[in-house]
Amino acid sequence: MSFRIGDVAAQTGLSVDTLRYYEKIRLLPPVARNASGIREYGKHDLSRLKFIQRSQKMGFSLAEISELLEFRKSPQDSKPQVRSMAQQKLLLIEERLSELQRLHDELTLLGNLCRENQTDCPILGELDGGEN
Amino acid sequence: MPNQQYSSPKMLIELLTASGCGACRAVEQTIGHVIDTLTELDLQIIRVDVVEEIDYAVSLGVRRAPAIALNGKLAFSLPPTEQQLREAILQLHGEQT
């Protein structure tokens, strides 16, 4: 199954200009084209784009993402420094996961208290630094 | 006072509460009844407001109030019956001695 650039833009939330740019800077390998010269993206292209988006949300630069993509494509053949960079990013992600989990747990507690509280809402109190 | 003066080690019961928590009073009564029946044990009850001590509450695993921790570990995340609480305390006491 293949997708046109407009479909991919809709699925990923990326603009068509961005998609073309990623191809230009080789973040995305040259996309297959049909006989009319229209790009036809495959599932691997989509998978790669989603990986790029996730990495960007983590704050990785395009240069770092490019290296991670090489690692992703061929982990056994990757250079030691790329493996090391990937490992560092993994540690960073684990830290963020831990922080997110903490935030999730805290908001879960506050949300449950709010639902069960007849008068004051603890969430507002917590957001006010306990001054409410 | 030193632990040697007691026949059993001190056990800490933390009642994790919140303002406006309707079920908290009932759980407090449950704890009170259980403590009254376990006079041979050295039981200490502390009330912890989960909003004021939110970091501690979350680290214990508390997700709603009331909750009960025994010796620093979450034992009940829902109100227990008197029997359930008594059994939990006695089991922990058995593990301590």
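Pairs of Cα atoms nearer than 8 Å and 6+ residues apart set the relative contact order; for chain B it is 36 percent.
Using the empirical formula 2.2 N^0.38 Å as the baseline, the Cα radius of gyration of segment B:50-97 reaches a ratio of 1.22. In this structure the amide hydrogen of residue B:43, modeled in the peptide plane, comes within under 5 Å of the amide hydrogens of B:11, none closer than 5 places in sequence on its chain. For segment A:82-113, backbone nitrogen atoms closer than 17 Å to the point 7 Å from residue A:70 Cα along Cα-to-C-beta are found at A:82-89.
If R0 is taken as 45 Å, the Cβ-Cβ distance between residue B:39 and residue A:91 corresponds to a FRET efficiency of 0.30.
May I ask you to give the solvent-accessible area per residue for the protein assembly as shown, in square angstrom, as obtained with a 1.4 angstrom probe?
Value for the protein assembly as shown: 62 Å² per residue.
The interface between chain A and chain B buries about 1200 Å² of solvent-accessible area in total (1.4 Å probe, ligands and nucleic acids excluded). Computed from backbone phi with θ = phi - 60° and the Karplus coefficients 6.51, -1.76 and 1.60, the 3J(HN,Hα) list for segment A:54-66 is 4, 5, 5, 5, 7, x, 6, 6, 5, 5, 5, 5, 4 Hz; x is used for glycine and proline.
Report the FRET efficiency, 1/(1 + (r/R0)^6), for residue A:108 and residue B:96, where r is their Cβ-Cβ distance and R0 is 35 Å, rounded to 0.05.
Here the calculated transfer efficiency is 0.65.
Across all directions, the shadow cast by the convex hull of the protein assembly as shown built on its C-alpha atoms averages 21.3 square nanometres. Taking all protein chains as they are arranged and a probe of 1.4 Å, the heavy atoms of residue B:40 leave approximately 100 Å² accessible to solvent.
Rg and Dmax, both from the Cα atoms of chain B and both in Å, are 13.3, 40.
Kirkwood hydrodynamic radius of segment A:13-98 from all distinct Cα pairs, in Å?
14.1
Across chain A, the mean sequence separation of Cα contacts (distance under 8 Å, 6 or more residues apart), normalised by length, yields a relative contact order of 14 percent. Solvent-accessible surface, computed for protein heavy atoms with a probe of 1.4 Å, shrinks by 50 Å² or more for the following residues of segment B:38-72 when the other protein chains are added to the isolated chain: B:51, B:54, B:58, B:63, B:64.
Using a 7 Å offset from Cα along Cα-Cβ at residue A:7, what residues in segment A:43-75 end up with backbone N under 17 Å from the label point? Backbone N within reach: A:43-50.
The values are calculated or read from the model by the stated rules, or taken from the named source; none is laboratory data. Note that the coordinates shown come from a computational prediction; the quantities given were computed from them, not determined experimentally. Don't worry about glycine lacking a Cβ; one is built from the backbone with ideal geometry, like all the others, and counts go over all protein chains shown. Surface accessibility is based on the protein's heavy atoms, side chains included, excluding ligands, DNA and RNA. Shrake-Rupley method; radii C 1.70, N 1.55, O 1.52, S 1.80 Å.
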